[in-house]
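Supplied in structure tokens, the structure appears directly below.
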Amino acid sequence: MSIEVVDGTTHRIRFDAGKCIHARNCVLSKPNVFKANVVGAWIDPDAATGEELVAVAERCPSGAIVVERIDGTNVETPSGRNAVAVLENGPYAVRGQVTVAGAATLRATLCRCGQSKNKPYCDSSHVGVFTATGEFPAPAELAAWEAPGALEVTPLPNGPLKVAGAHEITCGTGRAVKRGTTAFLCRCGASATKPFCDGTHRSIGFVAE
């Protein structure tokens, strides 16, 4: 899918439909900027302040919305430490100083149901067909944070997502359940130890680049 680029007077909005999971934060919080159910142009960067546009982008879990200044000045920075939120019956919401399959991003929603046609990204194929909790027991002890740095997410061929770099895995509600520098997250949807891989992808013949 193509990326829409819309310039306003001072700010530019990039919208990547291929990453959008229709969380609707944009159209609900700034309907004058992101106009739902209209014919033709539906994004108007000049209908809000730059700070308001950045706030909308930061609430976009998939990274489908990116806001830039026309003069090239960066307006978004990584949001604190790297985090992977496991969403109830849904994808992994990753944010921070992140690289996914070699592409740098600040936010991304990654498939964990195994059904997305846009792997490693979520395309909402989980809706109505995938059931998996986003809540997990609190650990007996939560490890200390490692030194901050970049987080690299690599989809392993026909296997899990390899997460490398200091990060925190949280429930969808934000409660931390694991900290570390390496994790292998299920993306076939069938692991008995979700969100972590248990090798089930091999027995079910999961295929994904």
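Scan region 168-209 residue by residue and report those that are within 19 Å of TYR121 (Cα to Cα), of a type in the set (A, V, I, L, M) and more than 21 Å from the chain's Cα centre (by Cα).
Matches in region 168-209: VAL207 only.
Does GLY114 fit the bill of being in contact with a helix residue (DSSP H, G or I) (Cβ under 7 Å, 6 or more places away or on another chain) and modelled with pLDDT of 95 or more?
no
Moving to a separate point now. Please state which one of ALA164, ALA190, ALA132 is among the hydrophobic types (A, V, I, L, M, F, W, C) and either farther than 27 Å from HIS22 by Cα or not in a loop (DSSP other than H, G, I, E, B) (or both).
Within the list ALA164, ALA190, ALA132, the selection yields ALA164.
Which of the following residues is of a type in the set (Val, Ile, Thr) and free of Cβ contacts under 8 Å to residues at least 12 places away in the same chain: THR99, THR73, THR109?
Result of the check over THR99, THR73, THR109: THR73.
Taking the criterion of being farther than 21 Å from ALA150 by Cβ and more than 14 Å from the chain's Cα centre (by Cα), would at least one residue in region 89-106 satisfy it?
Scanning region 89-106, I find at least one residue that is farther than 21 Å from ALA150 by Cβ and more than 14 Å from the chain's Cα centre (by Cα), so the answer is yes.
Restricting to region 68-111, and then to whatever is at pLDDT 90 or above, among the polar types (S, T, N, Q) and in contact with a strand residue (DSSP E or B) (Cβ under 7 Å, 6 or more places away or on another chain), can you tell me which residue is nearest to THR181 (Cα to Cα)?
ASN82
Moving to a separate point now. For region 131-155, which positions are aliphatic (A, V, I, L, M), within 25 Å of GLU88 (Cβ to Cβ) and either touching a helix residue (DSSP H, G or I) at 6+ places or on another chain (Cβ under 9 Å) or surrounded by fewer than 17 Cβ atoms within 10 Å (Cβ to Cβ) (or both)?
Hits for region 131-155 are ALA138, ALA140, LEU142, ALA143.
Scan (1) at pLDDT 95 or above; (2) within 24 Å of PRO78 (Cβ to Cβ); (3) surrounded by fewer than 17 Cβ atoms within 10 Å (Cβ to Cβ) for the single condition ILE169 breaks and write down its number.
Condition (3) is where ILE169 drops out.
The values are calculated or read from the model by the stated rules, or taken from the named source; none is laboratory data. Values in this document were obtained by computation on a predicted structure and should not be read as measured data. Positions of Cβ are backbone-derived with ideal geometry, glycine not excepted, and every protein chain shown enters the neighbour counts.
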